[in-house]
4 protein chains.
Amino acid sequence: MKEIHDRARKLMKDFCKVCKICDGRACVGEVPGMGGLNTAASFKNNLAALATVTLNMRLLHEVVEPSPHCTVLGYDLDMPVMAAPIGGVSFNMGGGVSEEAYIDAVVSGSREAGVIGCVGDGVPPFIHEAGYAAIRKNDGYGIPFIKPWEGDELDEKLEKARETGCTTFGMDVDAAGLITLRQMGRPVSPKPPAELKEIIARVHDWGAKFILKGVMTPDEAELAVKVGADAIVVSNHGGRVLDHVPGAAEVLPGIARVVSGQIEILADGGIRDGVDVLKMLALGADAVMIGRPVSIAAVGGLQEGVATYFSTIKGQLLQAMVLTGSQTVKDITSRTIFNG
Amino acid sequence: MKEIHDRARKLMKDFCKVCKICDGRACVGEVPGMGGLNTAASFKNNLAALATVTLNMRLLHEVVEPSPHCTVLGYDLDMPVMAAPIGGVSFNMGGGVSEEAYIDAVVSGSREAGVIGCVGDGVPPFIHEAGYAAIRKNDGYGIPFIKPWEGDELDEKLEKARETGCTTFGMDVDAAGLITLRQMGRPVSPKPPAELKEIIARVHDWGAKFILKGVMTPDEAELAVKVGADAIVVSNHGGRVLDHVPGAAEVLPGIARVVSGQIEILADGGIRDGVDVLKMLALGADAVMIGRPVSIAAVGGLQEGVATYFSTIKGQLLQAMVLTGSQTVKDITSRTIFNG
Amino acid sequence: MKEIHDRARKLMKDFCKVCKICDGRACVGEVPGMGGLNTAASFKNNLAALATVTLNMRLLHEVVEPSPHCTVLGYDLDMPVMAAPIGGVSFNMGGGVSEEAYIDAVVSGSREAGVIGCVGDGVPPFIHEAGYAAIRKNDGYGIPFIKPWEGDELDEKLEKARETGCTTFGMDVDAAGLITLRQMGRPVSPKPPAELKEIIARVHDWGAKFILKGVMTPDEAELAVKVGADAIVVSNHGGRVLDHVPGAAEVLPGIARVVSGQIEILADGGIRDGVDVLKMLALGADAVMIGRPVSIAAVGGLQEGVATYFSTIKGQLLQAMVLTGSQTVKDITSRTIFNG
Amino acid sequence: MKEIHDRARKLMKDFCKVCKICDGRACVGEVPGMGGLNTAASFKNNLAALATVTLNMRLLHEVVEPSPHCTVLGYDLDMPVMAAPIGGVSFNMGGGVSEEAYIDAVVSGSREAGVIGCVGDGVPPFIHEAGYAAIRKNDGYGIPFIKPWEGDELDEKLEKARETGCTTFGMDVDAAGLITLRQMGRPVSPKPPAELKEIIARVHDWGAKFILKGVMTPDEAELAVKVGADAIVVSNHGGRVLDHVPGAAEVLPGIARVVSGQIEILADGGIRDGVDVLKMLALGADAVMIGRPVSIAAVGGLQEGVATYFSTIKGQLLQAMVLTGSQTVKDITSRTIFNG
């Protein structure tokens, strides 16, 4: 990983310092860029919330070769991890690689590592076009995320995404509120439950599944169940849309308490290594999304970089499973967490 | 804003570093100046108290174009924000602009931005004279604050302030205890309820309203209701009169619990951006006052600087309202705050 | 004070940096010297415990010219403050002034400021000799503290101290455990209640009073009442005898709860300014002792330095009394403290 | 100690900075080396957990010459302290001394100081060979720890260890999960209770005792009792196997609550001085293990270094016993700890 990070540090110069611990301090307010909005409190809260969680180490058991395999949204994954949808290499990551090369690295590298990659959306159009191309190249093995556009743009994007052959569609409603996009005549906005219900019904008609990203309260998690979503992603959008939102790990247990078992729960925000993955599962997630570290690995090492990063994560997760006595991901529960 | 801050940094040299985050660390003990008294704990507490508040982000709703409009003390405001009464450019801000230019920028810039500015009081007399002139120029659209002088000085000031055509009068009782003023033969002091009641009755006779600034406990908030004040300002005077007072955001909920609905509640202390405004409303305020950032904008950009600053705040507040699902300021409640 | 501190900084070079905030960080482990033992956790805890206390600011009342006057141990004091017993200029403070000049400054300066000074004990003998001389010079107006020696040494010291004409005797049992003294054949040790009872009875026979310094638990405070002490000092000996003891302000409320009204309670540890004095009173103390800041003032400005320091403290205390609505020290209670 | 530390700093260059406070910050992630794994959170938690514990200082009693003597696992010890099993000088400590010289210093120095030393295990074989030689040289006075190998290796090691003449055997199950060892064909793994029961029965047949190191939860402490272990060591392996495990001092009280009196409880992690020893006893330990500081003393001063370090610890423990009124180690209880 050191080599990959060194290369990324050069290519992302002025956009990302590729810090030893990626915690939002060095890039406060850098949006566009890789940072958190304004004071970056939401970004930092993601890290801080995970840091307060400590684990029950257990060694008197038979778990020697655990299995992190899982099935999420119908995908068989080598571990409960996905690459989060991030795009915009030119204005967020310094443009050291092309959008096409970048997103192909994410999707192909994830697939190579036995997990699955998501692709983002935005302005200009080459962001989603590059992402859709990468999914098509991978025979539909990738998840397109669409911004919560108003009106026709949303419908058109869904149709275009469908052509990738994907079996799951995502929407990051947490991208709403970007007034700049509205001012550019490309408004994104929160989505009323009724409208979401229609969109999800259409996706279901296509035989596909639907992920709703950006749920941060128990009441909206229940709404997500009601409108028929197959999964939610607990996420504050990497701290990039609203300052002073709690960390995902902070709100996750409250959300899991009300919707666990009714909908698949993904968590996104501040996950840096395999132990963080285990923590999120213990707090109630069925799987996690990883953002910035994957982007950095993609810029620094393309497909191989992404695969190497996930391989590192998997090694750490395996060791953490052994040391907490977790044979399968189902054994990772609240009992895995130390409670004062 | 960057340009405005750069100019302010030059003009306020040795008095204010115009830090990235204005939190009282760089100017500890600088009174006179822009700092907090002694260890600046009260100043820092204002920031720290707000920082502990995190928000419930919600995206599944119909709030796309929220309205921050409100009516406070009879004023129709574009958002629930006022410029706090601060004066003394020569000894607090380095004298890079004149008191007249400064306070006119605050009052006119606030008006231009659809909010309202307050003006301060003090020694020497040009402080209140400059302030009153600015209000007169703005057709009485501004709020004069008078220090809690003993005896005749108070009466004279009220009469002079009345001539500005203003419809609201304020008194910052939190300025009491400045023993230096007493030693100069210009004593200010706490105000017994009976005396306040008389003053307020007189103001009411004039058909005007009265704001009592410097209420930090529920019992004194109830006293403020009893003596007939129209509004209180929860404020520790920017941490400039007593060290080790809690932050305004810390005491606000307890005060709101006992007087909400009986009196208008303003909060002042540590508000830096639109999200902070939303937090204060969620904690129980009807509106907020902003101090140092407005002064810096006034020094750095005069009327345009102040208007630009408020415009930035408004954009942030709007985005925060969208992302918390708040159509109007009445929708910003305790439900907007994350509770562990 | 700046001038006094500058001079002290020169004279105490290598022994005390005379930091802006005297909090034990710059002198970790410097015993002898001015620091806290080992990691200085006990020293730092004194500061940290006081820092967590915040005040209820109140302005709607008649307190304009409060009085901090009080009677403690029969002394009429201008404010509830004493100089703590500290000696050993040569090995603790760099020897920039003589022990005689130093302790005379403390005792005479305290008296000049309307408070009272204590003098310390130790090896070599010139420490207590200088202290006793200073008390004699001040007509017995000063309090000699004697270390908890074993056997004859204690009796001899009491007799010598009696000759100063003092009306109160103190013992700092918190000095016990200094194994080095024991190894030098000058053992100090904890004192069993029975032995203390005898000592106190003797002092009472002389018509004098007795202060027991170093009480940090409610059970030992009750023992102090039982053996007849007139006052206790809640103190961890400035963090110089045992690492990781709580701050005085942390244990004070628990102690006040069980012995308040039965014995006079002094508090010592981390008090730096007048607001800290008010905090200790609000937490249950009848008066406070101040250590390092007085020593620094004595080294830097002799009698005038000490008097100036106390005058500063008094100004801050007066302002804090006005701003919390406390006419007398009896009005400073738990109601003065903000409770979450 | 200063001289010893200076020499160690030179010899351990690039491996250990021999910091003033050994808290895991300067060596984050340095495994191999002296650091904690990954973010070193587990290492730091050991220190942080101890730091939150503060003590009840008591001086009104008869404890003047306390005795820290104790009997642990049948050993008469001058104080309840052991040297933790650490090996691998060449890759962990820079190789400035030989493995043989190092481990002999630990075992002989511990014995000289009236305590007992443990020796580690690992790859390459000279680690345990050097350790066993040191125990033999000390007439069996030392405790061999064996890693939780799979299959024959474990049996062989037990037999070899038996030849040292030792009367206690230890196993650090917390070493499990080191996937690297597995990949080298030398697998270590968690131990199922049934297998442990057999091993312990064999050791008991030899008339020896068995210590299980790496218990961090109450449920596994109960398992340890069930399988017949004579003692457990509450330890997160110095933070070197799993990131984000709580500090030993954090989990110790919960463990002591369920197994105290049924099994001897040792605690390991973050103990730096005699006050830390007393804290661990107060939290429920019967004795403690000290790791890094002993290694540093061994590298810096060989046998004399280790003996000097333990002598320092003992002096601090004695003083802490006097100042908390603890005549024997049995008097160090929860009453010794300050409870808010």
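Values as computed for the structure displayed
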{"item": "Test: A:G96 is touching a residue at least 60 places away in the same chain (Cβ under 8 Å), on the phi < 0 side of the Ramachandran plot and either open to solvent by 20 Å² or more (accessible area, probe 1.4 Å) or in a helix (DSSP H, G or I) (or both)", "result": "yes"}
{"item": "Matching residues, the stretch D:193-216, being within 10 Å of another protein chain (Cβ to nearest Cβ) and more than 24 Å from D:I86 (Cα to Cα)", "result": "D:P193, D:A194, D:E195"}
{"item": "D:E3 being open to solvent by 60 Å² or more (accessible area, probe 1.4 Å) and outside any loop (DSSP other than H, G, I, E, B)", "result": "yes"}
{"item": "Output for the stretch C:14-27, where each listed residue is under 18 Å from D:K20 (Cβ atoms) and open to solvent by 30 Å² or more (accessible area, probe 1.4 Å)", "result": "C:D14, C:K17, C:D23, C:R25, C:A26"}
{"item": "Which listed residue, of B:L77, B:L47, B:L60, is over 18 Å from B:A113 (Cβ atoms) and within 17 Å of the chain's Cα centre (by Cα)", "result": "B:L47"}
{"item": "Test: D:V233 is away from chain A (no Cβ under 11 Å) and of a type in the set (A, V, I, L, M)", "result": "yes"}
{"item": "Residue list for the stretch D:181-191, restricted to those being facing another protein chain (nearest Cβ under 9 Å) and open to solvent by less than 40 Å² (accessible area, probe 1.4 Å)", "result": "D:P187, D:S189, D:P190, D:K191"}
{"item": "Filtered residue count, the stretch D:154-180, keeping only those that are surrounded by fewer than 19 Cβ atoms within 10 Å (Cβ to Cβ) and modelled with pLDDT under 90", "result": "2"}
{"item": "Options D:D219, D:D276, D:D268; residue that is among the acidic types (D, E), within 14 Å of chain A (Cβ to nearest Cβ) and closer than 28 Å to D:R25 by Cα", "result": "D:D268"}
{"item": "Matching residues, the stretch A:40-83, being under 30 Å from B:D276 (Cβ atoms), open to solvent by 10 Å² or more (accessible area, probe 1.4 Å) and either in a loop (DSSP other than H, G, I, E, B) or of a type in the set (D, E, K, R) (or both)", "result": "A:K44, A:T52, A:V53"}
{"item": "Qualifying residues in the stretch A:236-265 (those that are in contact with a Phe, Trp or Tyr (Cβ under 8 Å, 6 or more places away or on another chain) and among the small types (G, A, S)) - the one nearest to the other protein chains (Cβ to nearest Cβ)", "result": "A:G239"}
{"item": "Whichever residue in the stretch B:317-340 is more than 10 Å from chain A (Cβ to nearest Cβ) and in a helix (DSSP H, G or I) and, among such residues, is most open to solvent (accessible area, probe 1.4 Å)", "result": "B:K330"}
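For (1) farther than 27 Å from D:V64 by Cβ; (2) of a type in the set (D, E, K, R), each residue gets a yes or a no:
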| position | (1), (2) |
| --- | --- |
| C:G120 | no, no |
| C:N138 | yes, no |
| C:D172 | no, yes |
| C:P190 | no, no |
| C:G207 | yes, no |
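The values are calculated or read from the model by the stated rules, or taken from the named source; none is laboratory data. Quick caveat: nothing in here was measured; it's all calculated off a predicted structure. FYI the Cβ positions are ideal-geometry reconstructions off the backbone, even for glycines, and counts take in every protein chain you see. In case anyone asks, the SASA skips ligands and DNA or RNA and just uses the protein heavy atoms, side chains included. Shrake-Rupley method; radii C 1.70, N 1.55, O 1.52, S 1.80 Å.
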